[in-house]
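All remarks here apply to the structure that follows.
The values are calculated or read from the model by the stated rules, or taken from the named source; none is laboratory data. Worth saying up front: this structure is predicted, and the values here are computed from it rather than measured. Virtual Cβ from ideal backbone geometry, glycine too; neighbours counted across all protein chains shown.
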Amino acid sequence: MPALAQVDAEAETPNPSVARIVAFMEGFSLETARLDAADIAALQSVRLRAPVYLTSVPGRPLAGMIEPAKRLRAAGFEPVPHLAVRNVASITMLDDFLSRLAALGVRRILVIAGDRNRPAGPFSGAIDVIGSGLLQRHGIREVGIAGYPQGHPRISLLALEQALAAKAEAAVQTGLAVHIVTQFGFDAATLLAWIVRLRDRGIEHPVRIGMAGPTDLSTLMRYARRCGVRASAQGLARNAGLLKHLVGTSTPDAIIRSLAEAAAANRLGHVVPHLYSFGGLAGTGRWAAAARAGRIALDRADGFRVEP
């Protein structure tokens, strides 16, 4: 009888790797370029309370961010809109946009330059808005800035890191809290090296590590090419976390497991996953909620699968 009790006790003890994954998933965020009622209902069905970042889509008017933010707030979620400053035609336009966000109780935004070659108005880079004081006057308390662990096709790595440090410093100097949101990546070693390099430079702000949520491989490759991520089909296939999913849906389980182990060893500072919903917001939210709840089974390829 004592032996049986000992077995039962051991069976109830969570696997340490599972516990580390669950801890790492706590505080994750989602990002989407489109939002509909079914997405919101799906997130509510799993009692998800993750912040939802709203992607700035080229060609979409700045005011087009207001309605999705309003719907998310009404459903009990925190919207975190992107602000692509090169798309802002005037200070008046930005002032109006921020006023409308303030009316929704938005306190955090992600400020990026945007992919427009020539600015539409007075702002050429994110730092121009971050240091202007406009954000604070409209109730913004925290700003997200972009990080590029896998580089940028048009900007050198040194210039990217210098710009990140400058934007973070400008935010702190003007009274804004800071977090970093990275472009999505496929390789855990590259992500880890980038975070360590960031910390070595004395940049200790929280980092939301970008990764693609459950997505079929062709869709993933399309976004990788569009976003300038240095990846190819061959390179993705070599990634153990994606190799097993080539026929179906790829998931970031191997990346999450690697980062969770490093985070548990106190190597990374404050880091959490940021999941891009290329395969749909509802599916990404359900997958992430299951992982955070520990409904996962580890596999021998250093990843895991979520259980129903």
Exercise for review: Only one of these is at pLDDT below 95 and either surrounded by 14 or more Cβ atoms within 10 Å (Cβ to Cβ) or touching a Ser or Thr at 6+ places or on another chain (Cβ under 9 Å) (or both): 159, 163. Name it.
Suggested key: 163
Practice item. Inspect all residues belonging to the range 36-47 and state whether any of them is modelled with pLDDT under 95 and within 24 Å of residue 183 (Cβ to Cβ). Key: yes
**Study point:** Count of residues meeting criterion [under 21 Å from residue 31 (Cβ atoms) and of a type in the set (D, E, K, R)] in the range 183-205
**Key:** 1
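Among the residues of the range 52-77, which ones are in a loop (DSSP other than H, G, I, E, B) and either in contact (Cβ under 8 Å) with a residue 40 or more places away in the chain or not aromatic (Phe, Trp, Tyr) (or both)?
Within the range 52-77, 55, 56, 57, 58, 59, 60, 61, 75, 76 meet the criteria.
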Exercise for review: Within the range 81-97, identify whether any single residue is within 25 Å of residue 289 (Cα to Cα) and at pLDDT 95 or above, and answer yes or no.
Suggested key: yes
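Residue-by-condition table, conditions (1) under 16 Å from the mean Cα position of the chain (by Cα); (2) modelled with pLDDT under 70; (3) in a strand (DSSP E or B):
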site	(1), (2), (3)
194	yes, no, no
199	no, no, no
209	yes, no, yes
231	no, yes, no
237	no, yes, no
241	no, yes, no
246	no, yes, no
260	yes, no, no
285	yes, no, no
Exercise for review: For the range 36-50, name all the residues that are closer than 13 Å to residue 284 by Cα and either crowded, with 18+ Cβ neighbours inside 10 Å or of a type in the set (Asp, Glu) (or both).
Suggested key: 39, 40, 42, 43, 48, 50
**Study point:** Where a residue in the range 83-96 is within 10 Å of residue 116 (Cβ to Cβ) and its partner, wherever it lies, is among the hydroxyl-bearing types (Ser, Thr, Tyr), with Cβ under 7 Å and at least six apart
**Key:** 84/56; 86/124
Exercise for review: With the condition kept exactly as written, say whether any residue in the range 25-40 is part of a loop (DSSP other than H, G, I, E, B), out of contact with any strand residue (DSSP E or B) (no Cβ under 7 Å at 6 or more places or on another chain), without any contact (Cβ under 8 Å) to a residue 12 or more places away in the chain and of a type in the set (Asp, Glu).
Suggested key: yes
Practice item. Considering only residues that are of a type outside the set (Lys, Arg) and touching a Lys or Arg at 6+ places or on another chain (Cβ under 7 Å), look in the range 78-104 and name the one that is farthest from residue 43 (Cα to Cα). Key: 87
**Study point:** Filter pass, residue 115 being among the acidic types (Asp, Glu), surrounded by fewer than 21 Cβ atoms within 10 Å (Cβ to Cβ) and at pLDDT below 95
**Key:** yes
